[in-house]
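Read-outs: derived from the displayed coordinates by stated rules, not from any lab. On a predicted model such as this, the values are computed, not experimentally measured, just so you know. Heads up, the Cβs are rebuilt from the backbone with ideal geometry, glycines too, and the neighbour counts pull from every protein chain shown.
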Amino acid sequence: MRPSAKSKTKLKPSSATSWEFEAIGTHWWISLLEHVDEQKLNYLQLKVAERIECFDKTYSRFRDDSLVSRVANQAGTYTFPEDSRMLIQMYRQLYDVTDGAVTPLIGDVLVAAGYDADYSFQPKELHTPRTWDQVLTYENNVLATNQPTVLDFGAAGKGYLVDIVAGLLLSEGIDSFCVDAGGDIYAYGGSTMSIGLEYPDDSAKVIGIAKLHNQAIAGSAPNRRTWGGYHHVMDPHTLRSTIGLKASWVVAESGILADGLATALFFVPPEKLKQFDFEYLLINDKNQYRWSASFPAELF
């Protein structure tokens, strides 16, 4: 998955069992807002690490041994795990509502632009990707391609993995927790969590504090991954990085929805996403703010 600069936990509970680690190219912080003994904690840490590794080995375009890398090397038919169903369905919804702007087929464009597995940042000639229906079919966890294709799930994959980790904790009887994967955050149970909204021009500052309870928040900003006139939010139609929007945040019931919509807002206005239930905050390149009426934050 791609690194990104997003919302981050600025205020953390003082009485919690927590651990931090690096995975999928970003920093994770998981806090259990209830007591667990050392044996249970060690067990949970192992289960979380194994689940993240399994997800990464399927969907990462940055590792040679992933299933996505096999798809990139050869056309064919591939059986994906059961968790692919929700991810592919979300991408198809985002693809349709953004007229193809949010697409897993952006991977070939990102690689050509220099955002490749080696992080070379050496752009080559870019080509407009073919449409979804020209390249991909997906049914019953089976994905088929008619050409080698670099799939990129960075627009919603990290948020989805946060949901998966949250679901794992719930299945193990943990009823109050916060999962933070590089700013894609899911808070459940306990009291309301306070989440700092990072100022896109200065990562040491926040522009406000969001309040989160049994919800997810995700943000997207190009400020930390820029090179040679590009940043990581690429438009497949223009073959350029998006302009006009400096940062977006979305609060929704799930990480996959919050993450995916935070990216979609770089391509379409909130009104075009009305089929989804979410709240948002946007900052344009003139530092003008726009937010939905119920966005749960105090802005400074």
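Can you give me the span-like helices of the chain, meaning DSSP H runs with 18 Å or more of Cα extent along the axis and Kyte-Doolittle mean at or above -0.5?
84-97, 157-171
According to a simple spin-label model (label point 7 Å from Cα along Cα-to-Cβ), what is the distance in nm between S18 and K205?
It works out to 2.4 nm between the two label points.
Mind giving me the nanometre distance, one decimal, between the label points for H127 and T238, set 7 Å out from Cα along Cα→Cβ?
Distance between label points: 2.3 nm.
Determine the gain in length on full extension of the stretch D99-L170; use 0.36 nm per residue of separation and subtract their C-alpha separation, reporting nm with one decimal.
Contour length minus the Cα-Cα distance gives 22.0 nm.
Can you give the local net charge around I164? Use residues other than it whose beta-carbon is closer than 14 angstrom to its beta-carbon, Lys and Arg +1, Asp and Glu -1.
-4
How much net charge surrounds V102 when only the other residues with a Cβ under 12 Å from the Cβ of V102 are counted, with Lys and Arg +1 and Asp and Glu -1? Provide the component values of the computation, followed by the final result.
On the way: positive: R92, K272; negative: D96, D99, D152, D235, D259.
Summing Lys/Arg as +1 and Asp/Glu as -1 gives -3.
With a Förster radius of 25 Å, plug the Cβ-Cβ distance of T79 and E50 into 1/(1 + (r/R0)^6) and report the FRET value to the nearest 0.05.
Computed FRET efficiency for T79 and E50 comes out at 0.80.
Which of the pairs K205/K246; K57/K158; K205/K286; K124/K158 have their Cα atoms more than 20 Å apart in this structure? Write out the running numbers ahead of the final one.
Values: K205/K246 15 Å; K57/K158 13 Å; K205/K286 18 Å; K124/K158 27 Å.
The pairs that break the limit, which is 20 Å between Cα atoms, are K124/K158.
Would you please give the residues with an amide H less than 5 Å from that of S241, counting only those at least 5 places away or on a separate chain, with H modeled from the backbone geometry?
So S241 has HN proximity to H231, D235.
Amide H neighbours of T17 under 5 Å, counting only residues 5+ apart in sequence or on other chains, H built in-plane at 1.01 Å?
Here the answer is L32, E34, since their amide H atoms fall under 5 Å of that of T17.
Mind listing P(r) for the chain? All alpha-carbon pairs, 10 Å bins, whole percents.
6, 29, 36, 23, 6, 0
Tell me the Kirkwood hydrodynamic radius of the range 147-261 in angstroms, computed as one over the mean inverse distance between distinct C-alpha pairs. Before the final figure, lay out each step's value.
Values: mean 1/r = 0.0650 Å⁻¹.
Taking every pair of different Cα atoms in the range 147-261, averaging 1/r and inverting gives 15.4 Å.
Using the 2.2 N^0.38 Å rule of thumb for compact globular proteins, work out how the range 226-300 stacks up: its C-alpha Rg over that value, please.
With N residues counted in the range 226-300, Rg over 2.2 N^0.38 Å equals 1.14.
Distance in nm between label sites at Q134 and H35, each 7 Å beyond Cα in the beta-carbon direction?
That separation, rounded to one decimal, is 6.2 nm.
Applying the Karplus parametrisation 6.51 cos²θ - 1.76 cosθ + 1.60 with θ = phi - 60° to the phi angles of the range 197-207, what ³J(HN,Hα) value in whole Hz is obtained for each residue in order, glycine and proline being reported as x?
Per residue, the Karplus-derived 3J(HN,Hα) values read 9, 5, 5, x, 8, 7, 5, 7, 10, 10, 9 Hz.
Among K47, K274, which comes first, second and so on when ranked by fewest other beta-carbon atoms within 10 Å?
Ordered from fewest to most neighbouring Cβ atoms within 10 Å, K47, K274 come out as K274, K47.
At 0.36 nm per residue, and after removing the present C-alpha to C-alpha distance, how many nm does the segment from K57 to E253 gain when stretched out fully?
Result for the pair: 67.9 nm of gain on full extension.
Using the Cβ atoms and a cut-off under 11 Å, what net charge is assigned to the surroundings of D83, where Lys and Arg are +1 and Asp and Glu are -1?
In short, 0.
Based on the mean of other beta carbon atoms within 10 Å per residue, what is the order of 59-65, 267-273, most packed first? Write down the numbers at each step before the final one.
Working: 59-65: 17.9, 267-273: 14.7.
Per-residue Cβ counts within 10 Å, averaged per peptide and sorted highest first, yield 59-65, 267-273.
Taking the convex hull of the alpha carbon atoms in the range 35-174, what volume per residue do you get, in Å³?
Roughly 129 Å³ of hull volume per residue.
So what's the gap between the Cα centers of the range 270-300 and the range 62-97, to the nearest angstrom?
Taking the Cα centre of the range 62-97 as reference, the centre of the range 270-300 is 30 Å away.
What is the pair-distance distribution P(r) of the range 101-147, computed from all Cα-Cα distances in 10 Å bins starting at 0, with each bin given as a whole percent?
All Cα pairs, binned at 10 Å, distribute as 24, 43, 28, 5 percent.
In straight Cα distance, which aspartates and glutamates are under 17 Å from K274, not counting same-chain residues fewer than 8 positions off?
D96, D99, E253, D259
Counting helices only, and only those DSSP H runs with n ≥ 4, report the 222 nm mean residue ellipticity of the chain as the sum of -39,500 (n - 2.57) divided by its residues, in deg cm²/dmol to the nearest 500.
For the chain, the value works out to -8000 deg cm²/dmol.
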